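K.L.:
Could you have a look at this structure, given as structure tokens, before my questions?
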Amino acid sequence: MTEPGPGGGDADERATRDYTEQLLGRPLELRRRDVSRGAEVSLLSARRFWHALGFPVVDTDDELFTEADQRALTAVAGIVRDGLLDETTALAMTRAFARSTDRLAGWQSQLIAEAVEAEWSRAHEGDEHDAGESRAVPGIETAEETARRLAALTDRLEPLLVYAWRRHLSATVSRMLADADPESYGSTKMRSVGFADLVNFTALVRRMSERDLARLVSRFEALSADVITAHGGRLIKTVGDEVLFTTVGVAPAAAIALDLVETMTEDDVLPDVRCGMARGPIISRLGDVFGTTVNRASRLTAVAQAGTVLVDATLARELAAMSGFELTGQRRRILRGVGPVTPSLLRRAPATGRRTS
């Protein structure tokens, strides 16, 4: 059970339990042995499933579980019994859900908390109570209001979660099938890989409040996602001041990088970005991408100037055959962990046509 907050005692514990039951959609009325018995699995298998979800193993007999926990365990056990997946793969699939939804829950809770504080800040603007100071953790009032709103939204958001998962699963399977067709994209999984990062981000961290910094990062992520998806790219991940994306073709990658530079340059809040891109085979694992191509794009980003896009030789050769882009060869560089690379500076071509040099 959650420990009561300072001075709150049983009242805080009851409030936490109430919100927990509202968010889970079921009362906490089952013990761990009830769940394993109901799912017709051993207690050890139930523990493995719970641990795969990312939660610590429960060794008490308190009523900490709901009917939904039992149904989920029954579903996973049924998949294994029917031979659709072995236990190792089923648990790995569970971990994939857990890792993604853990980040999703944290992200969405933070969005609601920020919205609550913004509303209250506007309502008390000019008052001594104004919540303008930075705070890494929401106050108790914000936390309670966030919990209340999320509890009210959960049933409406759940279908959207399932819908988004099915849509992304469909897109992922389509990419996999295309990669497996030699007539479509060749025998290897070729991608254009791009990084974009905010320039002088370290200096911003030192002089901005935590709240303003969080807003800046959120804005960067939102604008980047809009640009990347608008051109059919795939946003692999965001890490604070940096985004990683991939595309199947080269023209969409070039358009994304150039649009990212222009979008951030025109934004009044964000600093400039710099981009590095490479073309070649990649390795996909657990929703991320790896390999020499990814490393080369990352290193090119590190040496790019603010507001510019550097591309490797492979990407430059393919873009040279297309209209709308201008490529200027740069000096040969030795990139750490990558070796010698001769990059090109990518720009949009003048309206009169394409020119390479």
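The values are calculated or read from the model by the stated rules, or taken from the named source; none is laboratory data. Nothing here was measured: the structure is a model prediction, and the numbers come from that model. Here the Cβ is made from the backbone with ideal geometry for all residues, glycine too, and neighbour counts use every protein chain on show. Note: accessible area is taken over every heavy atom of the protein model, side chains too, but ligands, DNA and RNA are not part of it. Shrake-Rupley method; radii C 1.70, N 1.55, O 1.52, S 1.80 Å.
K.L.:
What number of residues in region 192-230 are touching a helix residue (DSSP H, G or I) at 6+ places or on another chain (Cβ under 8 Å), open to solvent by 70 Å² or more (accessible area, probe 1.4 Å) and outside any helix (DSSP H, G or I)?
P.N.:
Count: 0.
K.L.:
Give all pairs with beta carbons closer than 6 Å in which a residue from region 287-304 that is within 14 Å of M190 (Cα to Cα) meets a residue that is modelled with pLDDT of 95 or more and surrounded by fewer than 17 Cβ atoms within 10 Å (Cβ to Cβ); count only pairs at least 6 apart in sequence or on separate chains.
P.N.:
none
K.L.:
Okay, moving on. Report whether or not R274 is basic (K, R), surrounded by 16 or more Cβ atoms within 10 Å (Cβ to Cβ) and over 18 Å from R332 (Cβ atoms).
P.N.:
Working: basic (K, R): yes; surrounded by 16 or more Cβ atoms within 10 Å (Cβ to Cβ): yes; over 18 Å from R332 (Cβ atoms): yes.
When the stated conditions are applied, R274 passes them.
K.L.:
In addition: Of the residues in region 231-275, how many are free of Cβ contacts under 8 Å to residues at least 40 places away in the same chain, aliphatic (A, V, I, L, M) and assigned to a strand (DSSP E or B)?
P.N.:
2
K.L.:
Quick one: which of E29, E114 is open to solvent by 80 Å² or more (accessible area, probe 1.4 Å) and in contact (Cβ under 8 Å) with a residue 12 or more places away in the chain?
P.N.:
Testing whether each residue is open to solvent by 80 Å² or more (accessible area, probe 1.4 Å) and in contact (Cβ under 8 Å) with a residue 12 or more places away in the chain leaves just E29.
K.L.:
Wholly within region 285-357, which strands (runs of 3 or more DSSP E) include no fewer than the required count, namely at least 2 residues that are out of contact with any His (no Cβ under 9 Å at 6 or more places or on another chain), farther than 16 Å from V261 by Cα and open to solvent by 20 Å² or more (accessible area, probe 1.4 Å)?
P.N.:
Because the criterion is at least 2 residues that are out of contact with any His (no Cβ under 9 Å at 6 or more places or on another chain), farther than 16 Å from V261 by Cα and open to solvent by 20 Å² or more (accessible area, probe 1.4 Å), the strands (runs of 3 or more DSSP E) in region 285-357 that meet it are 288-290, 325-329, 333-335.
K.L.:
In region 242-259, is there at least one residue being open to solvent by less than 60 Å² (accessible area, probe 1.4 Å) and in contact with a Pro (Cβ under 8 Å, 6 or more places away or on another chain)?
P.N.:
No.
K.L.:
Hey, can you tell me all the residues within region 55-111 that are part of a helix (DSSP H, G or I), open to solvent by 60 Å² or more (accessible area, probe 1.4 Å) and of a type in the set (D, E)?
P.N.:
E67, E87, D102
K.L.:
For region 38-88, how many residues are at positive phi and at pLDDT 90 or above?
P.N.:
Summing the residues that are at positive phi and at pLDDT 90 or above in region 38-88 gives 2.
K.L.:
Test T16 against the stated conditions and say whether it is open to solvent by less than 90 Å² (accessible area, probe 1.4 Å) and modelled with pLDDT of 90 or more.
P.N.:
For T16, the condition - open to solvent by less than 90 Å² (accessible area, probe 1.4 Å) and modelled with pLDDT of 90 or more - is not met.
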